[in-house]
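No value in this document is a laboratory result; all are computed from the given coordinates. Quick caveat, the model's predicted, so the values are computed rather than measured. Virtual Cβ from ideal backbone geometry, glycine too; neighbours counted across all protein chains shown.
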Amino acid sequence: MDAAESLRLAARSIRGHKLRAALTALGIVIGIAAVITFVTLGASVKAEVVGQFDDSPANRVFLVATPGDDGGPPAALSQPVFTEYDVGRIGEFEGVDRVVPRGTIATSALSRGGETVARDQVTATTPALFESVTFREGGAFADASSGEACPAEMAVTPSAAALFPGNLSVGDRVSITQRGNRTRNVTVVGVLADDAGLNPLAGFGSRPRFYLPTCAYDTVVTSPTTGTRQNVYPQVTVIAANPGDTAAVQTRVQDYLDTESDAAQLAPGSYEVSARTNEDIVERIENVVDRLTQFVTGIAVISLLVGAIGIANIMLVSVRERTKEIGIMKAVGATNRDVLQLFLVEALLLGVGGAVLGVPIGVAGGWVAVTYAELPLTLPLVWVGAAIGIGLVVGVVSGLYPAWSAARVDPIDALRYE
Amino acid sequence: MTGDVASAEPPAVELDAVSRTYTRGEPVYALDDVSLSLARGSYTAVMGPSGSGKSTLLNLVGCLDTPTAGTVSVAGEDVSTLATRQRARVRGQEVGFVFQTFNLMPRLTAEENVALPLVFQEVAREERLERARDLLDRVGLGDRTDHRPSELSGGQRQRVAIARALVTDPAIVLADEPTGNVDTETGERIMGLLDDLHAAGNTILLVTHQRAIADRAERIVRLRDGEIEGIDQVDVEGAA
């Protein structure tokens, strides 16, 4: 029997049970739609996260202390282990342009005059962070080193400025309530031109940020090397003088971290103190997102499996109902293979039909999820194609046994069947 | 090939010492040592009470069943030892079935039903529908080609089934109680149609339990308990 005719006959029998066929295909529609939705969401998250890193210059090496080497979240859990001593030592290495430590100061609120904004943290860093950054207004705060009085100055991102009615602007006096109800009064000296994260390790997206000099930082430890009380930071960015030397700088810094650094001695035993380039971090994040996507997609695949069982079930019912028709076809010359082909094509049509309907629904679902998460949409086109293939495979696999049992029907019994 | 008659064409159907035994606890002889030859162009009726082996005989000739012993030849080919696939081919090419319950495909139109055997013989769609329309014309249903079985009367359905049986130009047409499910008048018209087919040279094997119907054939094979009880010549044209 030629393919066109078996398609025609299979389509005819599906049309004979429209509602039943629709409900059967619905299982596949839902399965495929779920897979496409989750895969789209995963791809979009990945594209967004990786995009953030690709924007950041190639000459950076990020120092973090994270639990184990499990490829987990690279920065969020970083522990404060890098002392001022470490920062100073690394800054003298060959090929290093500057070293920017970074930490958070716990706060409860910021206020300007009578207006108060609740914030749980502000960022402490050095003016070196702002060297290649444009300001909308004003500029970086003064350098805190050299033992002078701590400059009462603050730089803010545009979204942070926007938290206050009528925006913060240069010259505004802001009072910061720190841990233990201590109050620090600072003057806004600069508003950045845009919100892009200056350091991808600090998180993604355009979160409001307030930057203070490191002298305002309040996490201190006794340096094992010098024996003095020093600031200790969870994150340090090393900027190489020349992008081509980034790898060499990374190696040098990693060697130092592994051997004589304060960080090596301060880090808890299970922690890994590492120097990573953009590439390393992108790879790690991709791993995390991939694993999450695989997990969720796995759940969606289960619903696809349920859909496949639905097809197998309905095909078995269909074979039984059409026993007499099978007998007729065999009496007029259909071979077992013809009958097998006919039922297989029918299951295949249900599978592919479900997939074809499921793809646009899945894409729509992915779009909704991505829009809700405020990410740009990235369509995994490979998966859209694969969905049709999956529908095909699901149809064949679930139709195989019913079709085989149809092919084996004894024509004499079948013709007597009422 | 059974028998080696020199130049003559082999008979349409030849049964040589055919037995068919079913084992249900103890062996049951549905057909016991039956030999029968159907010449080309002949019209034979098989009569007998239920359980006499009529259906078994029909199934054996129609390649739906295989004999336990003996040989069945259709158009000169020994079909008793053929593989499943080969038997399907013989059914598709050499045998045309007409059933008591019509057995049309409910979702196919009259012409598609008639063309169905050609689907399995890889005949192109245009050609098979053309042949189907020709045959529907011949059985007087030229104006019903697009009707589904549910839109046709019992007599019309049986005529569609007859057209289907003829579409592959088979060596033998097997008719199993073709008038069993229609009224007398319609039955008469169907028997007339079979007469026409016979006159046109088709070989027909008719199974019935009605003497009046059997009398339309050239000869009547009477079966009882799986054995041939006797063969009567019904000679209308005065040839034997």
### Message
I'd like the orientation of helix B:125-138 relative to chain B: the angle between its Cα long axis and the longest Cα principal axis, in ° from 0 to 90, rounded to 10.
### Response
80 degrees
### Query
Once you sort the root eigenvalues of the Cα gyration tensor of region B:1-105 as a ≥ b ≥ c, which label holds: rounded (a/c under 1.5), prolate (a/b larger than b/c) or oblate (the other case)?
rounded
### Message
Relative contact order for region B:14-233: what percent, with Cα pairs under 8 Å and sequence separation of 6 or more?
### Response
30 percent
### Message
Below 11 angstrom from the Cβ of B:Asp16, what's the summed charge of the other residues (Lys, Arg +1; Asp, Glu -1)?
### Response
-3
#### Entry: Amide hydrogen neighbours beyond the local backbone of A:Asp97, cut-off 5 Å, H modeled
A:Ile239, A:Ala240, A:Ala241
### Summary
Semi-axes in Å, largest first, for chain B (Cα gyration tensor, √(5λ)) are 28, 21, 18
### Query
Using a simple spin-label model with points 7 Å from Cα along the Cα→Cβ vector, what separation in nm is obtained for A:Arg179 and A:Ala364?
5.1 nm
### Task
Would you mind checking the tilt of helix B:184-199 against the longest principal axis of the Cα atoms of chain B, expressed as 0 to 90 degrees and rounded to 10?
70 degrees
## Note on the structure
The simple spin-label model distance between B:Tyr22 and A:Leu392, using points 7 Å out along Cα→Cβ, in nm, is 4.6 nm
### Query
All other residues with a Cβ under 13 Å from the Cβ of A:Pro402 taken together, and with Lys, Arg as +1 and Asp, Glu as -1, what is their net charge?
+1
### Query
Over chain A, what is the mean sequence separation of C-alpha contacts under 8 Å (at least six apart), divided by residue count, expressed as relative contact order in percent?
29 percent
### Query
Looking at chain A, do any whole DSSP H helices span at least 27 angstrom along their long axis by alpha carbon and average 1.6 or above on Kyte-Doolittle, and which?
A:381-407
#### Entry: Value of relative contact order over region B:82-138, rounded to a whole percent, pairs C-alpha under 8 Å and six or more apart
32 percent
### Query
Label points 7 Å out from Cα along the Cβ direction at A:Val301 and B:Asp232: separation in nm?
7.3 nm
### Task
Under 13 Å from the Cβ of A:Val189, count the other residues' Cβ atoms, weight Lys and Arg +1, Asp and Glu -1, and hand me the total.
-2
## Note on the structure
Computed ³J(HN,Hα) along region A:122-132: with the Karplus parameters 6.51/-1.76/1.60, θ = phi - 60°, integer Hz and x for glycine or proline, the list is 10, 9, 9, 7, 9, x, 4, 4, 8, 4, 10
### Task
Compute the acute angle (0 to 90°) between the alpha-carbon long axis of helix B:110-119 and the principal axis of greatest extent of the alpha-carbon atoms of chain B; round to the nearest 10°.
50 degrees
### Task
Enumerate cysteines in the protein assembly as shown without a disulfide-compatible partner, where compatibility requires another Cys Cβ under 4.7 angstrom.
B:Cys63
### Task
Find the eigenvalues of the gyration tensor of the Cα atoms of region A:80-266, then list the square roots of 5 times those eigenvalues as equivalent ellipsoid semi-axes, largest first, in whole angstrom.
30, 19, 13
### Query
What share of all Cα pairs of chain A, in percent, falls into each consecutive 20 Å distance bin?
22, 36, 21, 16, 5, 0
### Task
Please identify every one of the GluC sites (Glu not before Pro) in region A:222-318 that sits in a loop by DSSP and has no more than 15 other beta carbons within 10 Å of its own beta carbon.
A:Glu260
### Query
Where the centroid of each part is defined by its Cα atoms, how far is region A:1-39 from region B:139-200 in Å?
36 Å
